[in-house]
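Down below is the structure, laid out as structure tokens.
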Amino acid sequence: MKTDYRDLRLDAFLDRISADGLAPGAGSVAAVTVALAARLVAMVATCSRAGWDEAAGVVAQATAIGERAIALAQTDATVWEEALAALRDAEEAATEDPRRDFRLEQKLDAAAAAPLEIASLGADAVALASLAAERGEGTYRADAAAAAALAAGAARAAAHLVRVNLGIRQSDPRLASALASERAAAELAERLLEAEKG
């Protein structure tokens, strides 16, 4: 039976990442990073309730992003292990088998779906962080900017995984979607960080 990552202590989760090349891997780490960034946004909004009418709504949205991202950390681990096993089977098989190739492609497509959603959630977390920085309590503006930077990094990592898992099929609309999430997150996070410098 698989261990639910939400039930692990932080040190146990970190030990699993560095253990043996199996899950959790980069997709799960990107998902957890999005969840952490979203919780930072929720903290900024919670601390800004006195002067910001929409703060409760931002808390709810950020919490939902965080919960979905944590669920995706588990999903990504499962589909990644299945894709890795299918890749190893394909390498060991010396024959050309269209059915095996089709199954491998299905596994790789499934392995691209989780990071695609992680990239999208990362972009959503950056957008909420930008809103929290603009309208939230000024004391916590740096936390909102940090949340944006973390979520943008996770979106970039997830988009990279989509690219790899799809076998660099540039025409695939899923890759275009992942790259759009990456760009949107990066541009907004950079504007927020630059504003913090000024």
Any residue in region 130-148 that is within 15 Å of the chain's Cα centre (by Cα), surrounded by fewer than 24 Cβ atoms within 10 Å (Cβ to Cβ) and part of a helix (DSSP H, G or I)? no
Determine which member of the set Leu8, Leu40 is more than 28 Å from Ser181 (Cα to Cα) and either in contact (Cβ under 8 Å) with a residue 24 or more places away in the chain or surrounded by 12 or more Cβ atoms within 10 Å (Cβ to Cβ) (or both). Leu8
Would it be correct to say that Ala56 is surrounded by fewer than 18 Cβ atoms within 10 Å (Cβ to Cβ), in contact with a helix residue (DSSP H, G or I) (Cβ under 9 Å, 6 or more places away or on another chain) and of a type outside the set (Val, Ile, Thr)? yes
Being touching a Gly at 6+ places or on another chain (Cβ under 9 Å) and either modelled with pLDDT of 95 or more or surrounded by fewer than 22 Cβ atoms within 10 Å (Cβ to Cβ) (or both) narrows Ala64, Ala83, Ala35 down to just Ala35
Of the residues Ala45, Ala12, Ala37, Ala26, which is of a type in the set (A, V, I, L, M, F, W, C) and more than 30 Å from Ala133 (Cα to Cα)? Ala12
Can you tell me which residue is surrounded by the fewest Cβ atoms within 10 Å (Cβ to Cβ) among those in region 187-198 that are under 10 Å from Ala148 (Cβ atoms) and either of a type in the set (A, V, I, L, M) or in contact with a strand residue (DSSP E or B) (Cβ under 6 Å, 6 or more places away or on another chain) (or both)? Leu193
Any chance you could count how many residues in region 1-32 are more than 15 Å from Leu72 (Cα to Cα), in a helix (DSSP H, G or I) and either among the basic types (Lys, Arg) or modelled with pLDDT of 95 or more (or both)? 1
Return the pair list, or none, for Cβ contacts closer than 6 Å from residues in region 11-28 that are closer than 17 Å to Glu117 by Cβ to residues that are among the β-branched types (Val, Ile, Thr), at least 6 apart or on different chains. Pro24/Ile17
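The values are calculated or read from the model by the stated rules, or taken from the named source; none is laboratory data. Since this is a predicted model, take the numbers as computed values, not measurements. So basically every Cβ, Gly included, is an ideal-geometry build from the backbone, and we count neighbours across all protein chains shown.
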